[in-house]
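Following: one structure in structure tokens, then a few remarks.
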Amino acid sequence: MIKNVVGMYFSPSGATAKITKKITIELTDNMRDSCLDDLSYSFYDMLCLSERHGINTSIDCTDETIVVMGLPVMSGRIPEICKEMLSKVNGNGAYLIALVSYGNNSYGDALYELYTYANERGFNVISAAAFIAQHSMFPKVAESRPDANDIKKMIEFSRISAKKLKRFVCTDISSMRGRLAPLMIPGSIPKRKPMKLPIHPTANSLCISCGKCKEVCPVGAISTDDLRKSDPKECISCTSCIKACPQDARGFYGSLARATRIAREKLHFKRKDPEWFI
Ligand SMILES: Cc1cc2nc3c(=O)[nH]c(=O)nc-3n(C[C@H](O)[C@H](O)[C@H](O)COP(=O)(O)O)c2cc1C
């Protein structure tokens, strides 16, 4: 018997969390409308699974849980660190809804990667979707996304995912677990590691060395010795330090960052719409 829905996400700048939470809530409401009156939901920040955040834990899901998992797209892939996090999550046959959020360029191989890894971790993937959000590195790209239209699509995607789930969980066909037809998600698992961008956040003179940036960095790229810099070898440019800075001191500064921003703003202005696979 399904008892709860867990929205799990890695979300350096907050958009993936927002999308995952909305879909978790909508899905729970839709499931409550049918056979599962007492269904509850909760959220889980996958940053807790990062070794650098000290909680050396793993998660064992059960067949009483539906997981909604959201990851951000970085260079057309899921971030390398998410693979480390995913290796600590055991599906044990739980149902999963796979989500990626991307900045109006392309979600590349990311949704396919998430789908493949989730299957490998023992989940039964019910559906998968790619939603658009403001680009975390270049905020003028997809500036107001997700907007009202995107929210409508999230509601629609939740409703049809719930409809499919009900066929499995509201009838006595538990033997159907593991017999889901494959989802036709475009992409492949590239052999090479995801490309890292050569631009990294630094802090300007507004920095008060409070260390918030170091606390939130998922890859340990900021050292107490020099809080204003990010180690280019470690930094994945994810923007979590920029979002966390209470002084608004951190950003992508310098001529390369400026030129890249201008180019991306010109390239990725044409509106993309959410896509899903059921
Ligand atoms: C390092 C980096 C690489 C990115 N690469 C892509 C990309 O290849 N395609 C795209 O459309 N958006 C890309 N984005 C934008 C993010 O996918 C998008 O802003 C996402 O919603 C961020 O999620 P978050 O707010 O949960 O961190 C990238 C962002 C970062 C920080």
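Nothing in this text is a laboratory measurement; each read-out follows from the coordinates by a stated rule. Here the structure is a predicted model, which is why all the values come from computation and not from measurement. Ideal geometry is used to build each Cβ from the backbone, glycine not excepted, and the neighbour counts take in all protein chains shown.
Neighbouring Cβ atoms within 10 Å as the yardstick, rank Phe269, Phe10 fewest first.
Ranking Phe269, Phe10 by Cβ neighbours within 10 Å, fewest first, gives Phe269, Phe10.
For the stretch 138-278, compute the orientation-averaged projected area of the C-alpha convex hull (one quarter of its surface), in nm².
12.8
At 0.36 nm per residue, minus the direct Cα-Cα distance, what do Cys207 and Glu275 gain on full extension? Give it in nm, one decimal, please.
20.5 nm
Quick check: pseudo-label points 7 Å beyond the Cα along Cα→Cβ at Glu80 and Ser223, how many nm apart are they?
It is 1.8 nm.
When the Debye formula is applied to the Cα atoms of the chain, each taken as the same point scatterer, what base-10 log of I(q)/I(0) results at q = 0.09, 0.11, 0.12, 0.13 Å⁻¹?
Cα-only, vacuum Debye calculation for the chain: -0.43, -0.63, -0.75, -0.87.
What do you get when you divide the Cα radius of gyration of the stretch 1-120 by 2.2 N^0.38 Å, with N the number of residues?
That ratio works out to 1.04.
Normalised by the empirical 2.2 N^0.38 Å for globular proteins, what value does the Cα Rg of the stretch 196-278 take? The partial results should precede the final answer.
Numbers: Rg = 15.1 Å, N = 83, 2.2 N^0.38 = 11.8 Å.
In units of the 2.2 N^0.38 Å rule of thumb, it is 1.28.
222 nm [θ] for the chain, helices only, -39500 (n - 2.57) per DSSP H run of 4+, per residue, to 500? It would help to have the intermediate numbers written out before the result.
Working: 7 runs with 81 residues, N = 278.
My calculation for the chain gives -9000 deg cm²/dmol from helical runs alone.
Would you tally the net charge around Gly220, using a Cβ to Cβ cut-off of less than 10 Å, leaving Gly220 out, and scoring K and R as +1, D and E as -1?
Result for the local shell: -1.
Between the stretch 207-246 and the stretch 86-134, how far is it from one alpha carbon centroid to the other, in angstrom?
Centre-to-centre (Cα) distance: 27 Å.
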